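Engineer: Please read through the structure below; I'll follow up with questions.
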Amino acid sequence: MGILDPGFPARIFDLNGSGADADLPPPPGESGISVFAALLLPELADWQPVLDRAGVPFQSAVRVASSAGSHGTTFLGELLASGAVEEVAFYRAIAQELGVSFQPTVDAGRLLIRDADCLAALRRPIPKLLMARMEEKAGATTLLVAPDRASFSTLRRLCGRDAELRRRLRIVAPSALRRAMLERAAPLLARSAVTELFDRRPDCSARTVLTGSQGYVLGAISVALPWAFAEFPSGAFLAFHIFFSLLFLACVGLRVMALSWTPPPPRGHQECTSPDCPVYSVLVALHREANVVPDLLVALSRLRWPRSKLEIKLVCEADDLETIAAINAHPLRSYVEVVAVSPGEPRTKPKALAFALPLVSGEFVVLYDAEDRPHPLQLMEAWQKFRASGPELACLQAPLEVSNRTETIVSRMFAFEYTALFRRLLPWLAAKGVMFPLGGTSNHFRLSALAEVGGWDPYNVTEDADLGLRLARFGYRADMISCPTLEDGPEEFKIWRPQRTRWFKGWMQTWLVHMRNPRRLAGDLDPMSFWVGQILFAGMAVSALVHPILIVTLAWLTLHIAAGVPLSTWQSSLLWIDSGNIALGYASFMALGSTGLKRQEKEGLWKVCLFTPVYWAMMSVAAWCALFQLIRRPHHWDKTPHRSARPKIVVRSRPASGPAGTA
């Protein structure tokens, strides 16, 4: 319970103890924040002179005090997050109250601070005390301070009797000092982002594509296969088909097993304003996304979470000036921060996230993409599920839903695939307690677990799939929540193909990384998770690679039959194997996706049926492109362009605070 009733100040308790309610104005003779309000929240007494100087009305301050009591936060944190006063105006008023200068900007090159202290300061959430020394001319130094309540009280007492301190002291807004500190720490963060996982767990890093032993095995296979086909063409071709058919059928079997599971009915979600709710961090990686910035800020503003316990990091490449300018064109609250990632290879999304991870202070952290529109109650549902579970629950995956499914046949197929994955396959794996690859966005992590396993691998282009497997190897588990995230799927093959190429390449990377020591992997995972990992990472990629071979073989044998040429025994075997694989593959794909569709989404299902063979051929093209990229450009990141969301697909919800776009 907060100190004040949520309806305050329209409803004020009778201080005489009668229990009567009354609508009371500020006590007469008091300007601004009164002693009356200070009785309700003692922190107001310390900030009263500053609030008067900043022109914060009495009613606004008491509302802030009420929110601080309800959320279990400080008055200062609630004030800055509420937008009742601009951060610069408030800290300028602090400087005036102390009789010292206000420093509007900070030159990072003149900061006198150790790297370790700089990183420690950046990990502290606003409005915790921030302090640094800055070099002036002739070797003199000034003290830069963004005070909190305790340090403000101390400074007010000291400045009243120390003229030298008043001369050397500068008050600075936290965001200005943090920007300078971030610029100062950028080289260290960039180095750590690239090397941290490789230094700690080289066996889990995709920096090396193939180990020596893997290269030896691959070389032996590349010599043995041509020899076998040259010496025993019929037998080798049949053995080749049987081996890869087993992988193909394993993928079919996984879909069939998921089909046999009935998902539980969805639970309702409710907002919680408990003071126990922790700080929640939101990371959004943006690269050349200036056109979707307004939609992103609107979507983030709809998240239902106490603003004083929310921190949002918009992670951009430092040389992506257009996106950074688009963000800065909007008025941002104190809990929104732009993190500029130093340019350097590899230029991947996980490298940017690894750069920002040391700056996160929340107990939980969620990852979103620039085009995402998460359900407003998604953070609430995730936290409540984390709270109800033990520390072994490290991650929660929100379902992804494609909002432009009916625009083109490509987006329709993409949405159908997402339906099978996020409404059927992944929930089934989660319900069975089996490892599953995370989706590329809307992953909610327990920060301590994420840090323990090494965070994101900057060299893996499907960092989500890798992280899902790595968490399982460390003894953690992942689960699903029901509040979805809307996103737009690719509508054209030229956009779909590079994205799917990156996905296949990343699955190949993930399999190669974790299969460096198969015995150790099998020991780290339970048997079902081990085999599911083989199917999802190796099986799916191999199925896409061999699909055109099966089709060509089937067509060749069909032409033989049409021409009246009798088939040999091994050719007849191939005919049955390939036709069975193709039929079962298409049927299981259609069955799993169609059972996940809602009634209104089944309109046009016949288009999906007719286009499935073409879509599988598209996946084969992407898989072969991925294999070539793995050899020539293993860490190249194919950027997926996004466009501004259409008004009809925006999640409808009352903004949590502030006008749209202020996040």
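Engineer: Could you tell me the distance between the Cα centroids of the stretch 180-229 and the stretch 492-514, to the nearest Å?
Structural biologist: The two parts, judged by their Cα centres, are 17 Å apart.
Engineer: Under a point-charge model restricted to the Cβ atoms of Lys and Arg (+1) and Asp and Glu (-1), what is the dipole moment magnitude of the stretch 320-386 relative to its Cα centre, in debye to the nearest 20? If you can, show how the numbers build up before the last one.
Structural biologist: Working: 6 positive and 9 negative charges, 22 e Å.
So the magnitude is around 100 debye.
Engineer: Follow-up question, since we're still on this one. For the stretch 307-423, state what percent of all Cα-Cα pairs lands in each successive 10 Å bin, counting from 0 Å until the bin that includes the largest distance.
Structural biologist: Answer for the stretch 307-423: a P(r) of 10, 31, 34, 23, 1 percent.
Engineer: Over the chain, what number does the Rg to Rh ratio reach, with both radii from the alpha-carbon atoms and Rh per Kirkwood? Kindly include the intermediate steps, with their values, before the conclusion.
Structural biologist: Details: Rg = 29.2 Å, Rh = 27.8 Å.
Radius of gyration relative to Kirkwood radius: 1.05.
Engineer: May I ask for log10 I(q)/I(0) of the stretch 34-163 at q = 0.09, 0.13, 0.23 Å⁻¹, from a Debye sum over the Cα atoms as equal point scatterers with solvent left out?
Structural biologist: Reported log10 I(q)/I(0), two decimals: -0.29, -0.60, -1.49.
Engineer: Would you kindly find the accessible area of CYS159, with a 1.4 Å probe and non-protein molecules such as ligands, DNA and RNA excluded, rounding to the nearest 10 Å²?
Structural biologist: My reading of the accessible area for CYS159 is about 0 Å².
Engineer: Using only C-alpha positions, report the orientation-averaged shadow area of the convex hull of the stretch 294-370, nm², one decimal. Don't skip to the answer; put the middle values down first.
Structural biologist: Numbers: hull surface 21.2 nm².
With the hull built on Cα positions only, its mean projection is 5.3 nm².
Engineer: Relative to the first principal axis of the alpha-carbon coordinates of the chain, what is the inclination of helix 174-200, with its axis defined by its Cα atoms, in degrees from 0 to 90 and to the nearest 10?
Structural biologist: Once rounded, one gets 30 degrees.
Engineer: Once neighbouring chains are kept in place and the probe is 1.4 Å, which whole percent of the accessible area of the chain is contributed by carbon and sulfur? Mind dumping the intermediate values first?
Structural biologist: Details: 17130 of 28410 Å².
Carbon and sulfur together cover 60 percent of it.
Engineer: Using the Cα centre of the chain as the reference point, and only Cβ charges (+1 on K/R, -1 on D/E), how large is the resulting charge dipole? Debye, rounded to the nearest 20.
Structural biologist: Values: 70 positive and 61 negative charges, 105 e Å.
The calculated dipole for the chain is roughly 500 debye.
Engineer: For q = 0.19 Å⁻¹, what log10 I(q)/I(0) does the stretch 132-226 give under the Debye formula with an equal point scatterer on each alpha carbon and no solvent?
Structural biologist: Cα-only, vacuum Debye calculation for the stretch 132-226: -0.98.
Engineer: Give or take rounding to whole Å, what are the principal axis extents of the alpha carbon atoms in the stretch 223-351, in descending order?
Structural biologist: 71, 45, 26 Å, listed from the longest principal axis down.
Engineer: Among the lysines, which fall within straight-line cross-link reach of LYS313, defined as a Cα-Cα distance under 23 Å, with same-chain neighbours fewer than 8 residues apart omitted?
Structural biologist: Cross-link targets: LYS128, LYS349, LYS351, LYS639.
Engineer: Now, a different point. Where does helix 605-632 land angle-wise versus the long Cα axis of the chain, in degrees 0 to 90, nearest 10?
Structural biologist: Approximately 80 degrees, to the nearest ten.
Engineer: A follow-up question, please. Return one number: the angle in degrees, 0 to 90 and rounded to the nearest 10, between the long axis of the Cα atoms of helix 463-473 and the longest principal axis of the Cα atoms of the chain.
Structural biologist: It is inclined by approximately 90 degrees.
Engineer: Additional query: Sorting check: for 252-263, 518-529, which peptide has the highest mean count of neighbouring beta carbons within 10 Å, and how do the rest follow? Provide the component values of the computation, followed by the final result.
Structural biologist: Details: 252-263: 16.0, 518-529: 14.0.
Per-residue Cβ counts within 10 Å, averaged per peptide and sorted highest first, yield 252-263, 518-529.
Engineer: Additional query: Quick check for you: with a 1.4 Å probe and neighbouring chains kept, what is the accessible area per residue of the chain, in Å²?
Structural biologist: On the way: 28410 Å² over 663 residues.
Heavy-atom accessible area per residue stands at 43 Å².
Engineer: Kindly rank 314-323, 476-485 from highest to lowest mean number of other beta carbons found within 10 Å of each residue.
Structural biologist: Put in order of decreasing packing, that is 476-485, 314-323.
Engineer: Figure the gain on full extension for ALA230 and THR595 (residue separation times 0.36 nm, minus the Cα-Cα span) and round it to one decimal in nm. If you can, show how the numbers build up before the last one.
Structural biologist: On the way: separation 365, 0.36 × 365 = 131.40 nm, distance 4.60 nm.
Gain in length upon complete extension: 126.8 nm.
Engineer: Using a 1.4 angstrom probe on the protein heavy atoms only, could you order ILE312, ILE561 from most to least accessible area? Write down the numbers at each step before the final one.
Structural biologist: Numbers: ILE312 0, ILE561 90 Å².
The ranking, largest first, comes out as ILE561, ILE312.
Engineer: Keeping all protein chains in place and using 1.4 angstrom, which order do SER334, SER281, SER101 fall into by accessible surface area, from largest down?
Structural biologist: SER101, SER334, SER281
The values are calculated or read from the model by the stated rules, or taken from the named source; none is laboratory data. Because the structure is predicted, anything quoted here is derived from the model rather than measured. We place every Cβ from the backbone using ideal geometry, glycine too, and count neighbours over all the protein chains shown. Calculation scope for accessible area: heavy atoms of the full protein, side chains included, ligands and nucleic acids excluded. Shrake-Rupley method; radii C 1.70, N 1.55, O 1.52, S 1.80 Å.
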